[in-house]
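The values are calculated or read from the model by the stated rules, or taken from the named source; none is laboratory data. Computed from a prediction, not measured in an experiment: that's the story for all the values here. For neighbour counting, all protein chains shown are included, and Cβ atoms are generated from backbone atoms with ideal geometry for every residue, glycine included.
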Amino acid sequence: MTPAQSSSDRIVLGLPSKGRLMDSARAWFADRGLNVVRSDSDREYAGRIEGIEGVDLALLSAGEIPRELAAGRIHLGVTGEDMVREKIPDADAAVRLLTPMGFGHADLILAVPDAWADVETMDDLDAVAGRLRAQLGRPLRIATKYHLLVRRFLRANGVADCLLVDSQGATEGVVRQGTAEAIADITSSGATLTANRLRPLVDGVILRSQAQLCLSLTAPKASAQVKTLDALASRLDVPALASVAQPQ
Amino acid sequence: MSASRAYLPGGRIGDGLDRLAAEVARIEALFADAGAQAVEPATLQPSAELLTLYGEDIRARAFVTQDPVDGELMLRPDFTVPVLRLHLQGGVSPARYRYAGPVWRRQEPGSTRPTEYLQAGVEILGDPDAVAADAEVFALIRDALGEAATVAEPRTGDLAIIFAAIAGLAAPERWKQALRRHVWRPAKFRRVLEAFGERPAPSPARAALIKAVEQGEDALRAHVRALGPLHGARSFEDVLARARELAADARIVLPKAQIDWLEAVLAVAGPSAQALDALRALDEGGALSPALDRFARRLEALEARGVDAAALPFDASFGRGLEYYDGFTFEFAAPRSSSRLPLPPLGGGGRYDALTQRLGHAALPAVGGIVRPEAMIAATGPAGGAA
């Protein structure tokens, strides 16, 4: 359920409901003359957008926005590219990334213990996974919450004998706890990695992500809605929006 | 379209289902006549062994579910491993098994492949005459195809020749081991092979590690220990051991002629008789001879079963997409048609002698094959008029 259900002539813009991502998104739209106004109580996930007609606002958790875009329940959304590519298996068929927004920078990287003096590359990681399999009869464990992206990356690099173990938070700590040998996680500065004596592999960048303005390719596009998307394209100076917002 | 099934509109009720059921019964009777007993593995299989065999990739290909008691389970993505497990739990070798039922595969978004389809198959376990068993399974699958055999296009390969070629390289055993591990990942295999040849200078970190090895045991231990603590399953000693191997590897190069030779072996393709000649011509050192002798005897055994063996298409790299095969491999490709979606191979199979060892048991000669009854019917005509 989307908080704001659009009628057939309006479009819905989904924004992150809290945190730095929300503040940055609000500022980004404000710079372009559109003001996101929250309801009286900051706790309510409701608000409206001022400065343009025909746009409803949906405040959602950043992790829900990809799914709402893919399902066509919102037309536009702001979320990290990492979220889009992790949560939508066939992202390019469901969502168009219109423009990077210059905030929410985060790289999804694969990191190993500093003490693995012999491991610098994905090929090294694969070789070590083969040794673990041969010596201990078990795979090398990689802790992550980005299962889809990491699995695809491992496959593309021909890495075998790895097992993904789920870690939904404090992933950098799991190697110290002994529940995984390596991690794949978001890093912005690298400071947490260093503090945990982990080091990214030189070719272990899985995705360089930042916040993106995203267009749903599945949301309904009646003529009034296309007109609004066109108006937004020029207000936001995102030409890609005008060229893809064709009626169905 | 709830009445439709893999490749067959209307295959779940009425005439369409009757035709499919009759076809499956015909195939099962054929396998029974060959002495195979029925076996029926559970639909839900424990994940652990499938993960051990296939690695993380299987999670992308199989439907995974959770049970509070049994842990992670998978809808069986094929029959071979579950049948082998049943045999290892109490079967007596030699044995022959047959089975028929659905398997389930997750597909990439946008794929037209079905998530559920039927397989009917046969496995011959513990037969010491590998050449005869290979030919028998090939002929059984051809016969199981029935009418579809007339339109299917056979392809064959033999991974034993690749393993023999790897064994014949003038390279350290650990290099051969690295190549064997990636036979089923051709792109990675090539990268591993080329990394053994002429290569760029090592990175500064790698150069420092090699220098520490050359300075002696104490220097190496100090070098690694200075980097930080070690956690997880990997030991300090293993880091040192691989560092020593890397230092040794840095001093040797696999000659380009050896790399070219292996790639030439992998590239051999053509009618079997010509492919055999081409491989014989490449086998100056004799490393391939035992594998090629088996290839030659298998062609004779196939000929005896009414196969035009000399003309049978052979590709030395065929079967490298099918992890766990390690000998003869074959498939019967569906004819291409513009009027319907592409069909998968109508049948196929191969030898997997090493699989029981990977499951922690003694080696057991094993060869098997399957047909896809729904695809067979789709390839030979309309589905009983139910479409």
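For this structure, a couple of remarks:
- Of the set (1) surrounded by 18 or more Cβ atoms within 10 Å (Cβ to Cβ); (2) within 30 Å of B:Lys188 (Cβ to Cβ); (3) touching a residue at least 40 places away in the same chain (Cβ under 8 Å), all apply to A:Arg208 but (1).
- Test for B:Val81: is it under 20 Å from the mean Cα position of the chain (by Cα), more than 14 Å from every other protein chain (Cβ to nearest Cβ) and modelled with pLDDT under 95: yes
- Any chance B:Arg174 is touching a residue at least 12 places away in the same chain (Cβ under 8 Å), part of a helix (DSSP H, G or I), at the interface with chain A (Cβ under 10 Å from one of its Cβ atoms) and within 34 Å of the chain's Cα centre (by Cα): yes
- Cβ-Cβ under 6 Å pairs, at least 6 apart or on other chains, the stretch B:202-229 side within 11 Å of chain A (Cβ to nearest Cβ), far side of a type in the set (Asp, Glu): B:Ala205/A:Glu120; B:Leu227/A:Asp114; B:Gly228/A:Asp114
- Of the strands (runs of 3 or more DSSP E) lying entirely inside the stretch B:305-387, those containing at least 1 residues that are crowded, with 23+ Cβ neighbours inside 10 Å, out of contact with any Ser or Thr (no Cβ under 7 Å at 6 or more places or on another chain) and at pLDDT 90 or above span B:328-333, B:347-351, B:366-371.
- The single condition among (1) part of a strand (DSSP E or B); (2) without any contact (Cβ under 8 Å) to a residue 60 or more places away in the chain that B:Leu86 does not meet is (1).
- Selected residue (criterion: farthest from the other protein chains (Cβ to nearest Cβ)) from residues of the stretch B:32-56 that are buried (at least 16 other Cβ atoms within 10 Å of the Cβ) and free of Cβ contacts under 8 Å to residues at least 60 places away in the same chain: B:Pro41
- Considering the stretch A:127-146, the residues that are more than 8 Å from chain B (Cβ to nearest Cβ) and in contact with a Leu (Cβ under 7 Å, 6 or more places away or on another chain) include one that is surrounded by the most Cβ atoms within 10 Å (Cβ to Cβ), namely A:Ile142.
- Answer residue from the stretch A:147-182, given it is assigned to a helix (DSSP H, G or I), touching a helix residue (DSSP H, G or I) at 6+ places or on another chain (Cβ under 7 Å) and not aliphatic (A, V, I, L, M) and is farthest from the other protein chains (Cβ to nearest Cβ) among those: A:Glu172
- Which listed residue, of B:Leu276, B:Leu193, B:Leu262, B:Leu240, is within 9 Å of another protein chain (Cβ to nearest Cβ) and surrounded by 15 or more Cβ atoms within 10 Å (Cβ to Cβ): B:Leu240
- Residue in the stretch B:177-190 that is farthest from the other protein chains (Cβ to nearest Cβ), counting only those that are of a type outside the set (D, E, K, R), part of a helix (DSSP H, G or I) and over 22 Å from B:Val239 (Cβ atoms): B:Leu179
- The condition of being surrounded by 13 or more Cβ atoms within 10 Å (Cβ to Cβ), modelled with pLDDT of 95 or more and either away from every other protein chain (no Cβ under 11 Å) or touching a Cys at 6+ places or on another chain (Cβ under 8 Å) (or both) holds for B:Gly168.
- Residue in the stretch A:110-123 that is more than 8 Å from chain B (Cβ to nearest Cβ), small (Gly, Ala, Ser) and outside any strand (DSSP E or B) present: no
- Single match in B:Gly216, B:Gly232, B:Gly228 (criterion: on the phi > 0 side of the Ramachandran plot and modelled with pLDDT of 95 or more): B:Gly216
- For the stretch A:75-111, a tally of residues being surrounded by 17 or more Cβ atoms within 10 Å (Cβ to Cβ) and either of a type in the set (Phe, Trp, Tyr) or over 18 Å from A:Leu236 (Cα atoms) (or both) returns 19.
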